[in-house]
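Scroll down for the structure; my scribbles are underneath it.
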Amino acid sequence: MKYICLVYPDEEIFASMSEAEQGRLVNEALDSDEALRRSGNYVDANALELPESAVSVRVRDGKLSATDGPFAETKEHLSGYILIEARDLNEAIRLAGTIPMARLGTIEVRPVRDLERYEEGFAA
């Protein structure tokens, strides 16, 4: 089963690190991805730009609106994701615990739900 590990670092902790410490952490994260790849658990991973670069999009009453920046101000923000393959939630949690950014914030682990096309008369 696939699980998404959403990475939410505490930006204050990250910002207080020296450039060298941040660089080592990035290298450690890339090494962690490689370890997941070697173990067969890696599916995909990417980092995200800072929340200031985000645009929130909504459609209400057929009208599109786009708002700059994050929806809510928080100490932690979504900075990336790691998509993994795991036997069950317990293994996914164990693997999430190996993600270096877990030391600076939170890794939210969620099962990926496979959607099926709705067929008329089909009860989900």
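Does the range 16-24 contain any residue that is of a type outside the set (Val, Ile, Thr), over 26 Å from Lys2 (Cβ atoms) and either at pLDDT below 85 or in contact with a strand residue (DSSP E or B) (Cβ under 6 Å, 6 or more places away or on another chain) (or both)?
no
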### Query
In the range 10-19, how many residues are within 13 Å of Ala102 (Cα to Cα) and assigned to a helix (DSSP H, G or I)?
3
### Exclusive hit being under 20 Å from Glu11 (Cβ atoms), at pLDDT 95 or above, touching a Phe, Trp or Tyr at 6+ places or on another chain (Cβ under 7 Å) and not charged (D, E, K, R), set Ala96, Ala45, Ala92
Ala45
### Summary
Those residues of the range 106-124 that are basic (Lys, Arg) and either touching a strand residue (DSSP E or B) at 6+ places or on another chain (Cβ under 6 Å) or at pLDDT below 85 (or both) come to a total of 1
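Kindly establish whether Gly69 is touching a residue at least 12 places away in the same chain (Cβ under 8 Å), on the phi > 0 side of the Ramachandran plot and not aromatic (Phe, Trp, Tyr). So that I can check it myself, show each step before the final result.
Working: touching a residue at least 12 places away in the same chain (Cβ under 8 Å): yes; on the phi > 0 side of the Ramachandran plot: yes; not aromatic (Phe, Trp, Tyr): yes.
So Gly69 fits the description; yes.
I want to confirm something. Restricting to the range 92-124 and keeping residues that are part of a strand (DSSP E or B) and not aliphatic (A, V, I, L, M), which single residue is surrounded by the most Cβ atoms within 10 Å (Cβ to Cβ)? Give the steps one after another, and end with the answer.
Filtering the range 92-124 for residues part of a strand (DSSP E or B) gives 105-111.
Keeping just the survivors that are not aliphatic (A, V, I, L, M) gives 105-106, 108, 110-111.
On the way: Gly105: 19, Thr106: 14, Glu108: 14, Arg110: 12, Pro111: 13.
Per the criteria, the residue is Gly105.
Quick one: which of Ser53, Ser39, Ser65 is loosely packed, with under 13 Cβ neighbours inside 10 Å and in contact with a Lys or Arg (Cβ under 7 Å, 6 or more places away or on another chain)? Talk me through it step by step, then tell me what you get.
Numbers: Ser53 fails: in contact with a Lys or Arg (Cβ under 7 Å, 6 or more places away or on another chain); Ser39 fails: in contact with a Lys or Arg (Cβ under 7 Å, 6 or more places away or on another chain).
Among Ser53, Ser39, Ser65, only Ser65 is loosely packed, with under 13 Cβ neighbours inside 10 Å and in contact with a Lys or Arg (Cβ under 7 Å, 6 or more places away or on another chain).
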### Query
Conditions: (1) without any contact (Cβ under 8 Å) to a residue 12 or more places away in the chain; (2) under 16 Å from Lys2 (Cβ atoms); (3) among the acidic types (Asp, Glu). Asp88 meets all but one. Number of the miss?
(1)
### Query
Of (1) over 17 Å from Gly105 (Cα atoms); (2) of a type in the set (A, V, I, L, M); (3) surrounded by 13 or more Cβ atoms within 10 Å (Cβ to Cβ), Leu25 satisfies all except one. Which?
(1)
### Task
Count, please, the residues in the range 20-62 that happen to be in a loop (DSSP other than H, G, I, E, B) and of a type in the set (Gly, Ala, Ser).
3
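The values are calculated or read from the model by the stated rules, or taken from the named source; none is laboratory data. None of these values were measured; they are calculated from a predicted model. Please note: Cβ atoms are built from the backbone with ideal geometry, for glycine as well, and neighbour counts cover all protein chains shown.
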